[in-house]
Amino acid sequence: MRDFLGKWRKIDWLLFFAVAILLIFSASILYSLNLNIGDSDFLIFKKQILFALSGLILFFLVANVNYSFWSTYSKLIFMFFSLILLVVLIFGTTIKGTTGWLTVGSIGIQPVEFAKIALIIWLARYFSEHSTEFKLFRHIFISGIFTLVFVLLVSLQPDIGSALVLLGTWVVVLLFTGIRRKHFIWLTAVFVIAIVLSWFLVLQPYQKDRILTFFNPSASPQTEGYNVIQSMVAVGSGQIFGRGLALGPQSSLRFLPEPGTDFIFAVIAEDLGLLGVTVLLGLFAFVLYRLFLIMRRSQDDFGAYLVLGVASMLLVQIFVNIGMNMGVAPVTGIPLPLVSAGGSSLWSILIALGIAESVYMRNS
């Protein structure tokens, strides 16, 4: 009994409570949205509660797994999810133009959300093994090639938003590791060339429209620019204290598209105002701060890179989602971590945080 209690005392409860508050934050917003759409069964809200509770179980289960386990099977995990992403392209279910879901009975699972964790594990293993050699360009090249395997498979779905998160996670981890200036210039040149090639060879017409709309949303206010314009109006109309839960006109009158997923930040800004947004961003900042502390206290490189990868993934997703809600980033369909409705995204984030907790527990 003493060993059991001692194990649970080692958990970073400050990180856990910050995550729990974000989940409650999410449930409150989704409950208010259910009131507006006339959903008497509160189906979206109930699903999110179920996903959150089951996700927290996964969080604690993963936290109790020694994180060195992931290092041992990192290559196998990477190959498994490479295969799964390939299977998705062949047998996946298409929703809103993206073939990114595998349907198991009545449950739809989005494998790319878990592939993000697989990439973090593989990168942590590779970077920890070669951390002192990253001034050699071949290690940057090799880690980039393996990242591109996932990026290309996800881009073919096409899910450009998730592909950007995968690529952004690698870039942030790479920058923290430290690279030479000339290598950074080469990577920038390669990135520019990749963007040009993607424009002509990969991006679908609707994705090109989204990017063009980002630069000038007012050019098509009733079509491609509609989502961005309505989101910006919602964010601005909340002012300091907001309109109140379920009282925001953009969401309550259904002008705002995808209010529970892609544009949930705009709903929060409209309903709770600058005050609510400040609390939300403060919680995210605190979660990232705790992850930074866990990374700093890790006694081995693999654990430190694992936590850095989790923090990088969260940072990229938060930046992209909030950016597209405020019109400073293209609309890519990236959910706001721990807040947007959706089971796959929520489970994957809680699993990733569980891995970070495992690092904390074994370095306390």
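The values are calculated or read from the model by the stated rules, or taken from the named source; none is laboratory data. Here the structure is a predicted model, which means the values were calculated and not measured. Counting neighbours? That spans all protein chains shown, and the Cβs are built from the backbone with ideal geometry, glycine included.
Points to keep in mind about this one:
- Pairing each residue of the stretch 89-105 that is within 15 Å of LEU156 (Cβ to Cβ) with any residue that is among the acidic types (Asp, Glu), provided the two are 6+ apart or on different chains, yields C-beta distances under 8 Å for THR98/ASP159; GLY100/ASP159.
- Close Cβ contacts (under 6 Å, 6 or more residues apart or on different chains) running from residues in the stretch 159-181 that are touching a residue at least 12 places away in the same chain (Cβ under 8 Å) to residues that are of a type in the set (Ser, Thr, Tyr) and not in a helix (DSSP H, G or I) comprise ASP159/THR98; ILE160/THR332; GLY161/THR332.
- The set of residues in the stretch 56-77 that are farther than 15 Å from PHE127 by Cα and assigned to a helix (DSSP H, G or I) comprises LEU56, ILE57, LEU58, PHE59, PHE60, LEU61, VAL62, ALA63, PHE69, LEU76, ILE77.
- Pairs where the first residue, in the stretch 237-258, is touching a residue at least 40 places away in the same chain (Cβ under 8 Å) and under 15 Å from ASN325 (Cα atoms) and the second is surrounded by 14 or more Cβ atoms within 10 Å (Cβ to Cβ) and charged (D, E, K, R), C-beta under 8 Å, 6+ apart: SER251/GLU270; SER251/ASP271
- Hits in the stretch 236-266 (condition: of a type outside the set (S, T, N, Q), surrounded by fewer than 22 Cβ atoms within 10 Å (Cβ to Cβ) and not in a loop (DSSP other than H, G, I, E, B)): GLY236, PRO249
- Of the residues making up the stretch 110-159, those that are part of a loop (DSSP other than H, G, I, E, B), surrounded by fewer than 21 Cβ atoms within 10 Å (Cβ to Cβ) and either of a type in the set (S, T, N, Q) or modelled with pLDDT of 85 or more (or both) are HIS130, LEU156.
- Members of the stretch 78-109 that are aromatic (Phe, Trp, Tyr), outside any strand (DSSP E or B) and under 20 Å from the mean Cα position of the chain (by Cα): PHE78, PHE81
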